[in-house]
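All remarks here apply to the structure that follows.
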Amino acid sequence: MLLLTTPPAAFCLSTDFYAQTCPRALTAVRAVVRGAVTKDRRMAASLIRLQFHDCFVRGCDASVLLDNTTTTVSEKGAVPNRRFTKTFRVIEDAKSTLERICPGVVSCADIIAVAARDASASVEGPSWDVELGRRDSDDLNTLIALFRKKGLNSREMVALSGAHTLGTAQCLAFRDRVYGNVTVDFARKKRRMCPASGGDRLVQPLDPVTPTSFDNNYFKALMIRKGLLVTDQVLFSGGETDGVVDEYSKDEGKFKNEFAAAMVKMGSIEVMTGSDGQIRRTCSKAN
């Protein structure tokens, strides 16, 4: 029964998956990520968030990177993914480097997972051991699921939401929040930056204090009702996750440790391994 109930990924993913076939893989990805973050510190937030967008559709299979074809509409063009144009380029740069070093070996799905970890570490965020061996999808099923359907509990959901300690959101994403039931001071300031109509692409930081540093100020903002998105503030609104937000707001170390653990767990969602899927030669196209 154990073999029937244990996820296959537990047997196939490993931190040293490329030790023999591409020993320079992790170093190469790290160099590309550090270069990109050095040029634009905001890239760290995008690379972390890209793993969320990949894993929460079909699974961690790099389907978010695929271009449209004559027969299939890609999730790459979905509204939430349109802001990742530069981020996709970083992943492609890393893939191109790896194809020169060890062609046809490292999957795009693994590159996304490693890049998220390296992006976090590059802005003083936590690091973690990334389990490797994912395969890339060769089709585009886009069944969006909730956290709980992906095996992530409410505490892990809050920890992962802490990725919003970095980066910005467009007015289109937070307009409902700032024109809804919010504190007067918060509403006044944000409405100046986001009109009731128009200005959809104007941006505001998700963490109002340190938007380019990986810390726990995001949770401190939630505690004083200054979460930018509705989905941010709902984490501290009288519900079961209030206690977790309170813990993280007081203990940055605990947040970082649990964020790293949740990222490892998220990175194992519905992965393909072994002979399933493929190793794409170019991340934006199936072989």
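The values are calculated or read from the model by the stated rules, or taken from the named source; none is laboratory data. Every value quoted in this text rests on a predicted model; they were computed, and no experiment measured them. Every residue, glycine among them, receives a Cβ derived from its backbone with ideal geometry; neighbour counts consider all protein chains shown. Only protein heavy atoms, including side chains, enter the accessible area calculation; ligands, DNA and RNA are left aside. Shrake-Rupley method; radii C 1.70, N 1.55, O 1.52, S 1.80 Å.
For the chain, what does the accessible surface come to per residue with a 1.4 Å probe? Please give it in Å².
48
In terms of Cα to Cα distance under 25 Å, which lysines are near enough to Lys86, apart from those fewer than 8 places away along the same chain?
In chain and number order, the partners are Lys39, Lys76, Lys95, Lys285.
Mind listing the long-range amide H neighbours of Thr15? Cut-off is under 5 Å, sequence gap 5 or more, other chains count too, H placed in the peptide plane at 1.01 Å from N.
Leu132
Which order do the peptides 279-287, 205-213 come out in when sorted by mean C-beta neighbours inside 10 angstrom, highest first?
Descending mean neighbour count gives 205-213, 279-287.
Give the share of C-alpha pairs in each 10 angstrom bin for region 157-287, from 0 to the last occupied bin, in whole percents, shortest bins first.
Pairs per bin, as whole percents: 12, 35, 26, 18, 8, 1.
Can you give me the % of accessible surface on the chain that is carbon or sulfur? Probe 1.4 Å, all protein chains present, nothing else counted.
54
Over region 166-216, calculate the relative contact order: mean separation of alpha carbon pairs under 8 Å at least 6 apart, over the residue count, as a percent.
57
Note the listed values [x] 32, 21, 18; [y] 35, 25, 16; [z] 25, 23, 19, then indicate which one is semi-axes √(5λ) of the Cα gyration tensor in Å calculated from this particular structure.
After the calculation, the listed value that fits is [x].
Once ligands and nucleic acids are excluded and a 1.4 Å probe is used, how much of Asp129 is accessible, expressed in Å² to the nearest 10?
About 110 Å², ignoring ligands and nucleic acids.
Taking R0 as 35 Å, what FRET efficiency do you get between Arg148 and Asp251 from their Cβ-Cβ distance, rounded to the nearest 0.05?
The pair Arg148/Asp251 has a calculated efficiency of 0.90.
Going highest first, how would you order 225-231, 266-272, 163-169 by mean Cβ packing within 10 Å?
By packing density, highest mean first, the sequence is 163-169, 266-272, 225-231.
Amide H neighbours of Gly125 under 5 Å, counting only residues 5+ apart in sequence or on other chains, H built in-plane at 1.01 Å?
Answer set, sorted by chain and number: Phe214.
Explain nothing, just the number: dipole magnitude of the chain about its Cα centre with +1 on each Lys and Arg Cβ and -1 on each Asp and Glu Cβ, in debye rounded to the nearest 20.
So the magnitude is around 1060 debye.
Ordering Cys102, Cys12 by how much accessible area each has at a 1.4 Å probe, largest first, what is the list?
Cys12, Cys102
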